[in-house]
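Structure record follows, encoded as structure tokens.
The values are calculated or read from the model by the stated rules, or taken from the named source; none is laboratory data. Just so it is clear, the structure is predicted and the values come from calculations on it, not from any experiment. Ideal geometry is used to build each Cβ from the backbone, glycine not excepted, and the neighbour counts take in all protein chains shown. Please note that ligands, DNA and RNA were not included when accessible areas were found on the heavy atoms of the full protein model with its side chains. Shrake-Rupley method; radii C 1.70, N 1.55, O 1.52, S 1.80 Å.
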Amino acid sequence: MAKRYGMVIDTKRCIGCNTCAVACKVENNLPNNVWWNRAMTIGGTHPDTPAGEFPNLNMEFLTLSCQHCENPACVKVCPVGATYKDGDTGVVRQDYDKCIGCRMCMAACPYTGVRSFNWEEPQHVADFAFGDVDVPAHEKHTVEKCVFCWHRLAKGVEPACLEMCPGRARFFGDLNDPESEVSKRIASREYKQLLPEEGTKPSVYYLV
């Protein structure tokens, strides 16, 4: 059976510190103003916005990135196969060389903001690349997103966001393997998935 890589995020352990977002940005040498992973707060559109009314406030965090859907809407609409699902792992990947910048994938994806489009030549704060040497160069007029740190998976290493999470709130593995840690955690806790009504079958689970 082919693998289906997925991620489990324990919302009770996540403190919304954005370490996962920064680790992703550095590891993948992301351009200025581009974030593949973000720590959102349930309560408002701005960072660290609590829900409720004072003094009865509640702060919940939800980290958001590509959901690596089992039935990805983005793959169905891409006219050139630039966004595709890897048959061996289930990871939804991006091929910058094939991308023609039509942004059909962005329009089809129900998860707002998980994809970015480079309108101009990507700019970086430093004049040298950060992250892994195997990260592909970012290109003008292309769409990009989280790819579960594909360059690390190819070496048998987990995504960078897991390695850096101080609360150990993130777990990664094969959802098709009932003995994997991600499968066991899903089986032992109540969880939610984002927009299940869309029928995309996301591979990211949030323990509640």
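Assorted remarks:
- Cα gyration tensor category, rounded, prolate or oblate, for segment 1-50 with a/c compared to 1.5: oblate
- Those Cys residues of the chain for which no other cysteine Cβ falls under 4.7 Å: 14, 17, 24, 69, 78, 99, 102, 109, 149, 165
- Among 178, 55, 136, residue whose mean-square fluctuation peaks in a GNM of the chain (springs only between Cα atoms under 10 Å): 55
- Max mean-square fluctuation residue, GNM over the chain, Cα-Cα springs under 10 Å, options 12, 25, 155: 155
- For the chain: rounded, prolate or oblate by the Cα gyration tensor [a/c cutoff 1.5]: rounded
- Whether segment 1-119 is rounded, prolate or oblate, judged on the alpha carbon gyration tensor where a/c under 1.5 counts as rounded: prolate
- Exposure of residue 88 as accessible area (Å², to 10), given a probe of 1.4 Å and all protein chains: 110 Å²
- Accessible-area order (highest first, 1.4 angstrom probe) of the listed residues 179, 144: 179, 144
- Reachable lysines from residue 3, criterion Cα separation under 17 angstrom, eight or more residues apart if same chain: 85, 155, 184, 201
- Taken over segment 132-208, the alpha-carbon convex hull comes to 138 cubic angstrom per residue.
- Rolling a 1.4 angstrom probe over the protein heavy atoms with all chains in place gives the chain an accessible area of 53 Å² per residue.
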